[in-house]
Amino acid sequence: MSLSVLPAAVLNPDLPLASEFCQHGCQSFRQAAEYVQDLPYGRNSGSPAYKSVLADRRGTCSSKHAIVAALSHEQGLTVQLISGIYEMDEVNTPGVGRVLNSAGLLAIPEAHCWVEYNGSPVDLTSGDAQSQLNKRVFVHREEISPEQTGTYKEKAHKGFISAWLAGQPHIEMNERELWEVRERCIAALSESHVEAEIRRI
């Protein structure tokens, strides 16, 4: 699904978050979502992370979708923030294959966020994120609040990794080591996004 499925409701500039988006030239909710989608991929400096997306001019799947969901709630719209778990590999998440191969893994459980409107999923992580979302099979999904994209989401993710690892007796890693591989995958994704941005310039 494209951004066209999101509501084009005019933002109320008297509300705090909408006012910030208006300062970046966004007049409607859909324009705000497009602005967030065009921001580079990268982790944020604030806590909760989504509150610094506009100031940092970057964001992750969690923080980008959380700020859009927060804007939706502020504007009285019914856009949902969804968190899901899938087995990440090079096919459904280009850029992580080298890290997984070096660790002797074919895949690793990863958490991902997106938004939904009237049942239609929209991924604003990057320009090509929607096609990647369509390739992923989510073994778990739930609606969360923007504030839950921090500690709650990480705790749920680590809990899933623990359960997944218990069913993979051939993997000679503990939970901490597996999480470190996951962190290297995220770092590789950040690097690949930076390289893509450089090529666009």
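The values are calculated or read from the model by the stated rules, or taken from the named source; none is laboratory data. Everything numeric in this text was worked out from a predicted model, so none of it was measured. Note that each Cβ is placed from the backbone with ideal geometry, even for glycine, and that neighbours are counted across all protein chains shown.
Which of the residues spanning the range 144-177 are of a type in the set (D, E, K, R), out of contact with any helix residue (DSSP H, G or I) (no Cβ under 7 Å at 6 or more places or on another chain) and part of a helix (DSSP H, G or I)? Let's see the steps before the verdict.
The first filter runs over the range 144-177 and keeps only residues of a type in the set (D, E, K, R), leaving 147, 153-155, 158, 172, 175-177.
Within this subset, residues satisfying the condition of being out of contact with any helix residue (DSSP H, G or I) (no Cβ under 7 Å at 6 or more places or on another chain) are 147, 154-155, 172, 176-177.
The answer is Glu147, Glu154, Lys155, Arg176, Glu177.
Scanning the range 2-41 for residues that are surrounded by 14 or more Cβ atoms within 10 Å (Cβ to Cβ) and either among the basic types (Lys, Arg) or at positive phi (or both) yields a single hit, Arg30. Val122 fulfils the conditions (1) aliphatic (A, V, I, L, M); (2) within 30 Å of Pro13 (Cβ to Cβ); (3) touching a Lys or Arg at 6+ places or on another chain (Cβ under 7 Å) except for a single criterion, (3). Return the residue satisfying two criteria in turn: it lies in the range 41-62 and is touching a Phe, Trp or Tyr at 6+ places or on another chain (Cβ under 8 Å) and not in a helix (DSSP H, G or I), and of such residues it is farthest from Ala156 (Cα to Cα). Filtering first and then ranking leaves Arg58. Restricting attention to the range 85-103, does a residue exist that is in a loop (DSSP other than H, G, I, E, B) and more than 18 Å from the chain's Cα centre (by Cα)? So far as the range 85-103 goes, yes, one or more of its residues are in a loop (DSSP other than H, G, I, E, B) and more than 18 Å from the chain's Cα centre (by Cα). Based on what the data block shows, is His65 at pLDDT 95 or above, part of a helix (DSSP H, G or I) and surrounded by fewer than 17 Cβ atoms within 10 Å (Cβ to Cβ)? For His65, the condition - at pLDDT 95 or above, part of a helix (DSSP H, G or I) and surrounded by fewer than 17 Cβ atoms within 10 Å (Cβ to Cβ) - is not met.
What tally of residues in the range 133-153 results from selecting those that are touching a residue at least 24 places away in the same chain (Cβ under 8 Å) and either farther than 13 Å from Tyr50 by Cα or crowded, with 17+ Cβ neighbours inside 10 Å (or both)?
Of the residues in the range 133-153, the ones touching a residue at least 24 places away in the same chain (Cβ under 8 Å) are 135-150, 153.
Filter once more, keeping what is either farther than 13 Å from Tyr50 by Cα or crowded, with 17+ Cβ neighbours inside 10 Å (or both): 135-144, 146, 148-149, 153.
Adding up the residues that qualify gives 14.
Residue check: is Ser52 surrounded by fewer than 21 Cβ atoms within 10 Å (Cβ to Cβ), of a type in the set (Gly, Ala, Ser), without any contact (Cβ under 8 Å) to a residue 12 or more places away in the chain and within 17 Å of Thr125 (Cα to Cα)? Judged against the criteria, Ser52 is a match. Answer yes if at least one residue in the range 6-17 is closer than 15 Å to Gly76 by Cβ, of a type in the set (D, E, K, R) and not in a helix (DSSP H, G or I), and no otherwise. Within the range 6-17 (the criterion being closer than 15 Å to Gly76 by Cβ, of a type in the set (D, E, K, R) and not in a helix (DSSP H, G or I)), the answer is yes, since at least one residue qualifies.
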